[in-house]
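To start, the structure itself, in structure tokens.
The values are calculated or read from the model by the stated rules, or taken from the named source; none is laboratory data. Since the structure is predicted, the reported quantities are computational estimates derived from the model, not experimental observations. Methodologically, a virtual Cβ is constructed for each residue, glycine included, from the backbone with ideal geometry; neighbour enumeration extends over all protein chains shown. Heads up: the accessible areas ignore ligands, DNA and RNA and are worked out on the full protein's heavy atoms, side chains in. Shrake-Rupley method; radii C 1.70, N 1.55, O 1.52, S 1.80 Å.
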Amino acid sequence: MAKAPDARVAALGILSLVRGGQPFEQALTTAADTLDELDRRLAHEIAAGVLRARSELDARLSPLVSGDWQHIPEDLKDSLRVGAYQLLKLSRVPPYAAVQATVEAAKGAGGRKAAGLVNAVLRRLADETDAAGPAGEDDLASRYSHPAWLVDRWLARYGAEATEALLKHNNRRPDLVIQPAGRTAEELHEALTAAGVAFRAAPFGAGLIIETSRVRDLPGYDAGAFLVQDPAQARLLGFAAIPDDALVWDACAAPGGKAAILGRRCRVVASELKRDRLGLLRDTTARVPGSVRLLLADAARPPLRPGGVQVVLVDAPCSGTGTMARHPDARWRLSPPQISRSAARQAAILEGVAPVVGPGALLLYMTCSLEPEENEDQVKRFLERHPEFDREADDLFVFPPDGGTDGGYAARLRRTA
């Protein structure tokens, strides 16, 4: 049997896969799934921490490298970042152990020459006694390791204090939060207590924060007793106020948490455009007993007849700027053109679903974005094109630092004619 990789080797594997285009969670499963639980957590913490602190780490490392930092191969940079993160951020890892383990991991990834460079640089970093941050960290983008263009957007919109709070939030490890699904909240409390699982109430009373256990080890996982879902998503769904027994079309449903929860009390048609996303949706809804029918369909070209459902839910594909604490790689993937492309896709979806919403029916629009082009401006443009729709309530906007949750946006629109 092959030996499981060390946590540092797995962390390097995660970072390599992320650079190759894999989402962080998928890369974690690929590179670290054979580790025991403690090593898996360490690999997760190191890789996520490197992504959250990349600018800071690079600023500390680059003066210690002979030559131009920009010309160092990316895999070697990642080896140095993995070591630097342990030295600077993980007080429970002794410096000698961080250096030695990272050098061994670098040796396997890049050979003895790479390992020699990593050893020399990390030992110099460990020997530094100046605790002050490096020059050039006075700006928020450098200090909190976010792209400057994104920080500038947020500064213009939210101001310096709120932007810094958002950046700090994005650099924290998010809580593991579960929502009742196949069981009631009271039954879930009892099962967790009986199993000795530590938990506490999530912000806004939206779910339970699990303190220690892995999701698959929690009581009721296989039976669909709960779903992993951030409090922000639970708040958006609560804001939707969808009546019991309604016929609901969840038009962009993957990964399926909302569809599965709604399927416990409503009749749900859940659709996705791509087969892999439909598979993810199927996996989620299959765990939770309920009434959910799945469709492979493009929300911009609805397969449903006009006026055929009581509620259309558009949880639109978006930039995801409200979930960057949960997805540490997302900040480095995003670009201004991507926000524009997301907004265009959202507009096309809204145009597509509008005829399905009959007189008196409800259209719910949601995102996990903080960007106005994808949120209130998107809804404003839709209402200008479709005077037959009216806002039924003030929009809900969840700003991550306000409650320590993900961010998001929701609008509730009623067709009146």
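Values for this structure:
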item	result
Sole residue being of a type outside the set (S, T, N, Q), touching a strand residue (DSSP E or B) at 6+ places or on another chain (Cβ under 7 Å), modelled with pLDDT under 95 and open to solvent by 20 Å² or more (accessible area, probe 1.4 Å), chosen from Leu280, Leu296, Leu304, Leu273	Leu304
Wholly enclosed helices (runs of 4 or more DSSP H) of the stretch 1-59 bearing at least 1 residues more than 20 Å from the chain's Cα centre (by Cα) and within 15 Å of Tyr85 (Cα to Cα)	7-19
Within the stretch 344-361, considering residues that are buried (at least 23 other Cβ atoms within 10 Å of the Cβ) and in contact with a helix residue (DSSP H, G or I) (Cβ under 8 Å, 6 or more places away or on another chain), the one nearest to Ile242 (Cα to Cα)	Leu350
Among the residues listed as Ser291, Ser342, the single one being at pLDDT below 95, within 29 Å of Leu227 (Cβ to Cβ) and not charged (D, E, K, R)	Ser291
Residues (crowded, with 21+ Cβ neighbours inside 10 Å and of a type in the set (Lys, Arg)) located in the stretch 211-241	Arg235
In the stretch 152-164, the residues that are buried (at least 16 other Cβ atoms within 10 Å of the Cβ), of a type outside the set (Asp, Glu) and under 20 Å from Gly404 (Cβ atoms)	Trp154, Tyr158, Thr163
Count of the stretch 185-222 residues which are out of contact with any helix residue (DSSP H, G or I) (no Cβ under 8 Å at 6 or more places or on another chain) and farther than 25 Å from Asp402 by Cα	16
Only one of Val268, Val309 that is closer than 26 Å to Arg183 by Cα, crowded, with 22+ Cβ neighbours inside 10 Å and hydrophobic (A, V, I, L, M, F, W, C)	Val268
Residues of the stretch 362-417 classified as open to solvent by less than 30 Å² (accessible area, probe 1.4 Å), part of a helix (DSSP H, G or I) and more than 28 Å from Pro337 (Cβ to Cβ), total	1
Neighbours by Cβ (under 7 Å, 6+ apart or cross-chain): first from the stretch 317-338, over 11 Å from Pro147 (Cα atoms) and buried (at least 22 other Cβ atoms within 10 Å of the Cβ); second at pLDDT below 95 and among the aromatic types (Phe, Trp, Tyr)	Pro328/Phe24; Asp329/Phe24
Among (1) of a type in the set (A, V, I, L, M, F, W, C); (2) assigned to a loop (DSSP other than H, G, I, E, B); (3) farther than 18 Å from Val312 by Cβ, the one test that Ala299 misses	(3)
